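> Just passing along the structure, written as structure tokens.
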Amino acid sequence: METYEIIINSYDEIEPFVMGKVFHITPGYNTEKILKCGKIINNKDKQYKSPLNTGVGSGYFRDRGYISLFDYRYPESPEFKDNVSSCGLHSFIKHKPHTASVFILKQSEYTKLLTLEGIKEKEGWPIGQIVAHVEVGYPDSIDLSLIEKHIIFKMSDKFIEDEQ
């Protein structure tokens, strides 16, 4: 797994690194746990803090033991454009320590992804929150050997000052 550290001056600087990819993003305060155990595990028991809604029934994939991933493979599709603003990547970096880790999944794992279409085919419209055409689920822990790149984004000092 290649690891990069990138200092950003705006939230827009994250997107070019993830366009066309499927990835997991987590605030910096969770990164050490992931690296220590060698895999991304589901957050069904809420052992990892999340900046997103974490109430009961709030996360379709998390509530079923899946790993929630962002699917940025089709950024030009109308469905993606209509829904991507529901889950801004900035949520993961704007709080202290102002870092976020992005784990980009290897393409060889894409066949295991559960999409909204797959859910509807299996069980009808999902009960629980899912960001249509942007969020997908991975059915198991993701060993770090299945990660193509790990990118650590850090807000520059100037960016942090401008945000306050």
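No value in this document is a laboratory result; all are computed from the given coordinates. As the structure is a prediction and not an experimental result, all values here were calculated from the model. Cβ sites come from the backbone with ideal geometry, for glycine too, and all protein chains shown count toward neighbours.
> Between Ser141 and Glu121, 0.36 nm times their residue separation minus their Cα-Cα distance comes to what?
4.8 nm
> Also, I was wondering about something else. Arranged from highest to lowest average of other beta-carbon atoms within 10 Å per residue, in what order do the peptides 11-23, 97-109 appear?
Highest to lowest by the protection proxy: 97-109, 11-23.
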